[in-house]
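Each remark here refers to the structure printed beneath this line.
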Amino acid sequence: MYALMCDEARSFKEEQLTICVRYTKGMVVQERFLSFVLCSTSRSAAGISNTILESLKTLNIDQVPMIGQSYDGASVMAGHINGVQKKIREFHPEAIFFHCVAHKLNLVIVGMCKHVKSSVLFFNTLESLYIHFSRPSSHNKLINIQKQLGIKPREIMQISDTRWACRFENCDMVKQYYGSILEVLDTEVEENNDFNCVEASGILNNLKKGHFVVNLFIFHEVLKYINILSNNLQSKSMTLGKAFEIIKSVTKTLEDKRNEQSFQCLWDALTEFSENFEISLDTPSNSKKKRKVFENSLLKDSIITSTVGKDQFEEKSETPEAHWRSHSYYEILDSIIQGLNNRFSSESISIANALDSFLKLNTIDSDPFINHYQKLLKIDSNLLKAEMMVAKNCISKEEWDFDELINIANESVLPNLRKMLKVALILPVTTATCERSFSAMRRIKTWLRSRMEQNRFDNLAILNIEKDLLKNLNKEKVLDEFAKKPRKLKL
């Protein structure tokens, strides 16, 4: 049995569909790339699903049980009425669809960056910084100054909604090399050689503003936890149970960070940084102030009962620390925490919760997971639950890891439990393997090879992506087979 993972990407005016599978070999998870399939002619749900089914048939795995499928959240793929996942389940009813967890996490960050006002200007400035230093002259100056300062040269990445780590990497780079970036921009403004100095002046002005530096520190602090989660989710050995456990841990960490004490530590480092570079952290002036409320002069000497106090007529002053804490730090944290809770709610991950209960050998809450696969695996649920209780008593510790449970679930003693553990390992978490294949696609099919035939492109991709399997091939045998082919052609 296996799980299917698919995704699409464009390559030289062609839409390529990558097909990857996840399975176990000796209770060790394997994720393999199988094929690139051209799907430019029909990109509807029916067309993509037919392409997938035909490819599985060509690969001779169409009769092998498919127990899961993972794609991104596009409606054509994830639609529960006419999406690809629904059409695949007509042929493989047990293949539960899982929205790629890494894509869902990225949507939380992208949604926050688009809807939180303070983050929009900040990431627009980072994008302008990337565009400016992508020019050869500016890029060369930045690298040379970094070398002169004796620091390792580092470049600015492009902000992308699909590149998962780009936002944290950029924040980390700008924070670490802030001084060298300012020095390059100052030099360009002073030289005033071409039109780039105008752009450099505008970027320099934004970099020296208090709101940029404040958001730089806040996003660097918050996104480092998200980056840890994103890197963990991309591991091939990651299971659904582990994934949602880490998601809950990161969410709890961010909730614990939402207090004045945590912001105070951040503010101390931020204050020291701003003093070194002479940056003012004063709150931005609000040009659209509300009209000041004045006490009615006719009621000045009257005795009245009212909820309006004198403090309502006086202007309240707010410290910069309190302003940035409430208008940036809390706002960003609240948006991310709410996004994580909404996208990874218990309702949307019912099977994952049942799977988590199964891995804890909870015989009651794991029923949805067991009932879904017992017919396919020909398992008696009563016998399985009996094996779960025996396995639980075999483990002396109150808390155990998944590897220990696998060692106990011997195939000859606890066969039903071992079958279900294989299912738990195979169920897909992310489509990171598909994303990696797209990186190989751009290395193989360059503009010099844009006319390459699909069959040759597919075979080269397999050799490049699954290069670890090449070590096991007998090269002499391959050469012998190649030499047997007739080379002479009758003219």
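Quick check: anything in the range 388-395 part of a loop (DSSP other than H, G, I, E, B) and exposed (fewer than 12 other Cβ atoms within 10 Å of the Cβ)? No: zero hits.
Is one or more of the residues making up the range 167-175 modelled with pLDDT under 85, aromatic (Phe, Trp, Tyr) and open to solvent by 30 Å² or more (accessible area, probe 1.4 Å)? No, that holds for no residue.
All but one of (1) surrounded by 14 or more Cβ atoms within 10 Å (Cβ to Cβ); (2) touching a residue at least 12 places away in the same chain (Cβ under 8 Å); (3) farther than 18 Å from Ser357 by Cα; (4) among the hydrophobic types (A, V, I, L, M, F, W, C) hold for Trp447; state the number of the condition that does not hold. Here Trp447 clears every test but (1).
Residue by residue, here is whether (1) within 21 Å of Ser350 (Cα to Cα); (2) among the polar types (S, T, N, Q) holds:
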position: Ala9; (1), (2): no, no
position: Arg43; (1), (2): no, no
position: Asn50; (1), (2): no, yes
position: Ser55; (1), (2): no, yes
position: Lys87; (1), (2): no, no
position: Val101; (1), (2): yes, no
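Candidates are the residues of the range 176-191 that are touching a helix residue (DSSP H, G or I) at 6+ places or on another chain (Cβ under 9 Å) and open to solvent by 60 Å² or more (accessible area, probe 1.4 Å); the one that is nearest to Phe273 (Cα to Cα) is Glu183.
Select from the range 266-286 the residues that are among the hydroxyl-bearing types (Ser, Thr, Tyr) and modelled with pLDDT of 85 or more and write down the one among them that is surrounded by the fewest Cβ atoms within 10 Å (Cβ to Cβ).
Ser280
Here is a check on your reading of the model: is Gln312 exposed (fewer than 13 other Cβ atoms within 10 Å of the Cβ), out of contact with any strand residue (DSSP E or B) (no Cβ under 7 Å at 6 or more places or on another chain) and at pLDDT 90 or above?
When the stated conditions are applied, Gln312 does not pass them.
Against the criterion of being charged (D, E, K, R), over 22 Å from Met238 (Cα atoms), in contact with a strand residue (DSSP E or B) (Cβ under 8 Å, 6 or more places away or on another chain) and touching a residue at least 60 places away in the same chain (Cβ under 8 Å), Lys422 does not qualify. Could you list, in sequence order, all residues of the range 37-50 that are outside any loop (DSSP other than H, G, I, E, B), without any contact (Cβ under 8 Å) to a residue 12 or more places away in the chain and open to solvent by less than 60 Å² (accessible area, probe 1.4 Å)? Scanning the range 37-50 gives a single hit, Gly47.
Note on the range 317-376: enclosed helices (runs of 4 or more DSSP H) holding 2 or more residues that are within 24 Å of Leu254 (Cβ to Cβ) and hydroxyl-bearing (Ser, Thr, Tyr) are 330-343.
Within the range 227-265, the residues that satisfy the criterion of being surrounded by 15 or more Cβ atoms within 10 Å (Cβ to Cβ), part of a helix (DSSP H, G or I) and either free of Cβ contacts under 8 Å to residues at least 12 places away in the same chain or of a type in the set (S, T, N, Q) (or both) are Asn227, Ser230, Asn232, Thr251, Ser262. Considering only residues in the range 24-39 that are more than 16 Å from Ser55 (Cβ to Cβ) and in contact with a Leu (Cβ under 9 Å, 6 or more places away or on another chain), the one that is modelled with the lowest pLDDT turns out to be Met27.
Screening the range 10-36 for residues that are among the charged types (D, E, K, R) and either in contact with a Gly (Cβ under 7 Å, 6 or more places away or on another chain) or in a loop (DSSP other than H, G, I, E, B) (or both) and picking the one that is least open to solvent (accessible area, probe 1.4 Å) gives Lys25.
Restricting attention to the range 412-444, the residues that are among the acidic types (Asp, Glu) and open to solvent by less than 10 Å² (accessible area, probe 1.4 Å) add up to 0.
What tally of residues in the range 51-65 results from selecting those that are hydrophobic (A, V, I, L, M, F, W, C) and either under 15 Å from Pro428 (Cβ atoms) or surrounded by 21 or more Cβ atoms within 10 Å (Cβ to Cβ) (or both)?
Qualifying residue count, the range 51-65: 2.
Taking Ala409, is it over 21 Å from the mean Cα position of the chain (by Cα), more than 30 Å from Tyr225 (Cβ to Cβ), of a type in the set (Gly, Ala, Ser) and surrounded by 16 or more Cβ atoms within 10 Å (Cβ to Cβ)? For Ala409, the condition - over 21 Å from the mean Cα position of the chain (by Cα), more than 30 Å from Tyr225 (Cβ to Cβ), of a type in the set (Gly, Ala, Ser) and surrounded by 16 or more Cβ atoms within 10 Å (Cβ to Cβ) - is met. In the range 66-95, the residues that are farther than 14 Å from Leu56 by Cβ and open to solvent by 50 Å² or more (accessible area, probe 1.4 Å) reach residues that are in a loop (DSSP other than H, G, I, E, B) and not aliphatic (A, V, I, L, M) with C-beta atoms within less than 7 angstrom, at least six apart or across chains, in these pairs: Ser75/Gly83; Lys86/Gly79; Lys86/His80. Could you tell me whether Ile145 is in contact (Cβ under 8 Å) with a residue 24 or more places away in the chain, open to solvent by less than 50 Å² (accessible area, probe 1.4 Å) and β-branched (Val, Ile, Thr)? Yes.
The values are calculated or read from the model by the stated rules, or taken from the named source; none is laboratory data. For clarity, every value in this text was computed on a predicted model and none was experimentally measured. Using ideal geometry, Cβ is built from the backbone for each residue, glycine included, and neighbour counts are taken over all protein chains shown. These accessible areas exclude ligands, DNA and RNA; they are computed on the full protein's heavy atoms, side chains included. Shrake-Rupley method; radii C 1.70, N 1.55, O 1.52, S 1.80 Å.
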